[in-house]
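Q: Structure in structure tokens, see below.
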Amino acid sequence: MNFLTSEYVIFGLVFIILMGLSVGSFLNVCIYRLPRHESLVFPGSHCPSCMKNIKWYDNIPVLSYILLKGKCRHCGNKISVRYPLIEMLNCILWMLMFVFTESITDCIFGLLFSSILIVISAIDLERMEIPDGLNAAVLVLAVIKLVVSLIMGNEFKGTLVDFGVGALSGSVLLYLLYLIILKLTKKEGLGGGDVKLAFACGAFLGWKEVLFGIALSAYIGLLGILIYSLIKKKMIKGNFPYGPFLSLGFLISYMFFDDILKWYMVTFL
């Protein structure tokens, strides 16, 4: 948040909260429609059960869900709790980006990056797949980030080497993990979508950040599996969605890699 003077911090935070919730509402549309190959524009927001159009006052992020008690005004069917959760999650991530990024450029790219990863994670959790179009969106964002970094020079982090080596190292490492898991378990613990996601995020983050993100996602994934096993009192059998763990690792790396590296250098070296 170094890019804002103190008198504009509150205004900026309020703006980020409102926009984060609004964009989160649109992310729900993407999560529902993209896997079904439906238009994101037409038709307008409607109940998937009775197909009635949703009025604007029933489409206010989080608030409308609470006022309607999680039910459609027309048919009374339950509305998935995913809708307010996605809206709040996007708002929280946008707030974190606003607080912990060092420049307006870092912040803008972080907002877009986090929202795309939310859609990727939600679809992967629900359908065990990551649409190629979303990985392509991350890659396009990486290209734009590269162009901006070349124009701005030292004022913004990111070089051609980071772009190329990051994409290569991220995808190669994840593909090696895929082969190792396949060899040990005879099952595909990772999918092609995960490898493509690592490629795109590697181009966006750079090689150091993407490798750190992948390593971090492995620890987060193991912890998630352990918690699931303890709660359900059974081990996960078969494939499980790894996209959310990768996404979380990449987001943490984007926001905190430099701080973590500095802390490590001071503490252990």
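The values are calculated or read from the model by the stated rules, or taken from the named source; none is laboratory data. Computed from a predicted model, the values in this text were never measured in an experiment. Backbone-built Cβ (ideal geometry, glycine too); neighbour counts: all protein chains shown.
Q: Can you find even one residue in the range 89-110 that is buried (at least 20 other Cβ atoms within 10 Å of the Cβ), of a type in the set (V, I, T) and out of contact with any His (no Cβ under 6 Å at 6 or more places or on another chain)? Don't jump to the end; show me each part of the working.
A: Filtering the range 89-110 down to residues buried (at least 20 other Cβ atoms within 10 Å of the Cβ) leaves 90-91, 93-94, 97-98, 101, 106-107, 109-110.
Still in the running and of a type in the set (V, I, T): 101.
Then drop every residue that is not out of contact with any His (no Cβ under 6 Å at 6 or more places or on another chain), which leaves 101.
There is at least one residue in the range 89-110 that is buried (at least 20 other Cβ atoms within 10 Å of the Cβ), of a type in the set (V, I, T) and out of contact with any His (no Cβ under 6 Å at 6 or more places or on another chain).
Q: What is the residue count in the range 237-269 for residues that are part of a helix (DSSP H, G or I) and basic (K, R)?
A: Here is the first cut: in the range 237-269, the ones part of a helix (DSSP H, G or I) are 243-268.
Checking the rest, the ones that are also basic (K, R) come to 262.
Count: 1.
Q: Name the helices (runs of 4 or more DSSP H) wholly inside the range 121-232 in which the number of residues that are among the β-branched types (V, I, T) and without any contact (Cβ under 8 Å) to a residue 40 or more places away in the chain is 3 or more. Explain how you work it out, then say what you get.
A: Details: elements: 132-152, 160-185, 192-205, 207-232.
In the range 121-232, 132-152, 160-185, 207-232 are the helices (runs of 4 or more DSSP H) which contain 3 or more residues that are among the β-branched types (V, I, T) and without any contact (Cβ under 8 Å) to a residue 40 or more places away in the chain.
Q: Please work out which one of (1) over 20 Å from the mean Cα position of the chain (by Cα); (2) modelled with pLDDT under 90 is the condition V172 fails and give its number.
A: Going through (1) over 20 Å from the mean Cα position of the chain (by Cα); (2) modelled with pLDDT under 90 one by one, V172 breaks only (2).
Q: Tell me whether the range 53-60 contains one or more residues that are in a helix (DSSP H, G or I) and either under 25 Å from the mean Cα position of the chain (by Cα) or surrounded by fewer than 13 Cβ atoms within 10 Å (Cβ to Cβ) (or both). Spell out how you get there, then give the answer.
A: Filtering the range 53-60 for residues in a helix (DSSP H, G or I) gives 56-58.
Restricting the remaining residues to those that are either under 25 Å from the mean Cα position of the chain (by Cα) or surrounded by fewer than 13 Cβ atoms within 10 Å (Cβ to Cβ) (or both) gives 56-57.
There is at least one residue in the range 53-60 that is in a helix (DSSP H, G or I) and either under 25 Å from the mean Cα position of the chain (by Cα) or surrounded by fewer than 13 Cβ atoms within 10 Å (Cβ to Cβ) (or both).
Q: On to the next question. Of the residues in the range 45-82, how many are small (G, A, S) and either in contact with a helix residue (DSSP H, G or I) (Cβ under 8 Å, 6 or more places away or on another chain) or in contact (Cβ under 8 Å) with a residue 12 or more places away in the chain (or both)? Outline the logic, then answer.
A: Narrowing the range 45-82 to residues small (G, A, S): 45, 49, 64, 70, 76, 80.
Add one more test, that the residue is either in contact with a helix residue (DSSP H, G or I) (Cβ under 8 Å, 6 or more places away or on another chain) or in contact (Cβ under 8 Å) with a residue 12 or more places away in the chain (or both), and what stays is 45, 49, 64.
Selection size over the range 45-82: 3.
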